[in-house]
Amino acid sequence: MPRVAKELSAVGVRRLKQVGMHAVGGVSGLCLQVSSPEARSWILRTHIAQKRRNIGLGPFPEVSLAEARAVAREYKSTIRAGGDPLANTYAAKKTLKEERARVVSFSDAAEKFIRSQAPGWKNPKHKDQWLNTLATYAYPTLGAMVVADIDTRDVLGVLQPIWYEKTETAKRLRGRIEMILDATTAQGLREGPNPARWKGHLSLTLPKPSRITRVQHHKSLPPDQVPRLWQSLLAAQGLGAIALQLLLLTCTRSGEVRGATWHEIDLSTRAWTIPASRMKSGKEHRIWLSTPALHLLSSLERTGPLVFPGSKGQPLSDMTLSAVMRRLKSSAVPHGLRSSFRTWAAESTNHPREVCEQCLAHTTGSDVELAYQRSDLFEKRRQVMDEWADFVTSK
């Protein structure tokens, strides 16, 4: 027969100071575990489903000898009946862990969302824009709130104060809050409809942004003023003015010109191929180099990989080209020159719309049309770009 431990009194238990496991009797398997003279706890050593288990019953002396024996007897009774005294404990711990995992603040959820999405954003500035608008307008109200608790009133509390005075910012902020809350729903952190959704929800409370503010288009030049601008650029000094000349001749965006590399340009085939990673559309774009564009690039000195290097080998800043336009006292901005080209093409040529749009790297047509029309119409665009160059340099 197994040895029966001597039943110790409360005083006898207090005297146990030697490190180790001490049986205290009264209930088989009940022991006082001494880790150090100051660290002692109750352990019930038993078998559950034929497996050896050590069940902790709490620290001594916070849990008294009498309390430890009472709990041990209850556990042993449950085991004899075929139950598992820890089942409810494990279930409770699992539930608590799940509940704690769901308690995520909006600011934590937002920053996690931005980290996950930022690698796919083409413009690194987008991350800063997200962080700044959320920190300025959303976090003071929503930042510390648990995402599961955010409702429509909370979202309106963020948007209403800026909806009329900073409409464009408020519009973007609403969309960002909606995406963040959609992500938390997908992660199981909240349930129910998204309180930041627009259609059929906030649209019934807030006026449509387009009814508050008019869209401000980039300032452009009437086509008949473009040749005069070209002559001013030829007389201007600096790399920024030369970069603007190429932008005007190729109908490209400021960032595409400033980030241009010699690797992208093939003077022998008269083609400038901008990789998808640098295009707003996310698709590679080939540009025919007209004779003026070809001469311009051929005249430049190659001092590194960039066609238009700024200080310390970095691309020219995004303000450089705008500053040139201001010095020339032009009412337009660099991006508006694309509009000047499009107006000229529509009013002064008979080239098909899709060809002109391709010159601007715009995608046109339905998904079905695009699925079948896979050509970049490069050969047809050659004529358009040559005619545009002739027009630009006509004076």
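Here are some notes:
- In this label model, A118 and K395 are separated by 4.7 nm, measuring between points 7 Å along each Cα→Cβ vector.
- At R0 = 51 Å, FRET efficiency that the Cβ-Cβ distance of D224 and K51 yields, to 0.05: 0.05
- Under 5 Å, built H, 5+ apart or other chain: amide partners of V104: V147, A148
- Global geometry of segment 106-212, whether rounded, prolate or oblate, following the gyration tensor of its Cα atoms and the 1.5 cut on a/c: oblate
- Matching label, Cα Rg over 2.2 N^0.38 Å computed from the structure shown, candidates (1) 1.70; (2) 1.49; (3) 1.14: (1)
- Taking the chain and dividing mean pair separation by its residue count, relative contact order in percent (alpha carbons under 8 Å, at least six apart): 11
- About the centre of its Cα atoms, segment 1-88 shows a dipole size close to 340 debye [charges on the beta carbon of Lys, Arg (+1) and Asp, Glu (-1) only; nearest 20 debye].
- Nearest-ten-degree value, helix 65-80 long axis tilted from longest Cα axis of the chain: 80
- Given the chain, longest segment not containing exposed loop GluC sites (Glu not before Pro) (DSSP; at most 10 other Cβ within 10 Å): 192-300
- When shorter helices are ignored and each DSSP H run of at least 4 residues is given -39500 (n - 2.57), the per-residue value for the chain at 222 nm works out to -13500 deg cm²/dmol.
- Charge dipole (the chain, unit charges on Cβ, about Cα centre) - positive-most of T169, A332, M179: M179
- Seen against the Cα atoms of the chain and their longest principal axis, helix 378-392 is set at about 60 degrees.
- For K17, the lysines whose Cα comes closer than 18 Å to its Cα, not counting residues fewer than 8 places off in the same chain, are K6.
- Anchor K312: lysines whose Cα lies under 30 Å away (excluding residues fewer than 8 positions away in-chain): K122, K125, K127, K280, K283, K329
- Extended-chain gain in nm, criterion 0.36 nm per residue less alpha-carbon gap, E284 and V19: 88.1 nm
- Within the listed set R302, R73, R153, the Gaussian network model of the chain (springs between alpha-carbon atoms below 10 Å) gives the highest mean-square fluctuation for R73.
- Computed about its Cα centre, the charge dipole of the chain is approximately 1540 debye, with only Lys, Arg, Asp and Glu carrying charge at their Cβ.
- Loop-located chymotrypsin sites (Phe, Trp or Tyr not before Pro) in segment 107-185, at most 14 other Cβ atoms within 10 Å (DSSP): W121, Y164
- Remark: the E67-L267 segment gains 63.0 nm on full extension, using 0.36 nm per residue and subtracting the alpha carbon distance.
- Placing +1 on the Cβ of every Lys and Arg and -1 on the Cβ of every Asp and Glu, with no other charges, gives segment 260-348 a dipole of roughly 260 debye about its Cα centre.
- The length gained by stretching the chain between L131 and A186 to full extension, at 0.36 nm per residue less their Cα-Cα distance, is 17.6 nm.
- Computed over the chain with a Gaussian network model linking Cα atoms closer than 10 Å, the most mobile of G282, G20, G255 is G20.
Bear in mind these aren't lab numbers, they're just calculated from the coordinates by the rules spelled out. Predicted model, so just to flag it, every value in this text is computed and none were measured. Virtual Cβ from ideal backbone geometry, glycine too; neighbours counted across all protein chains shown.
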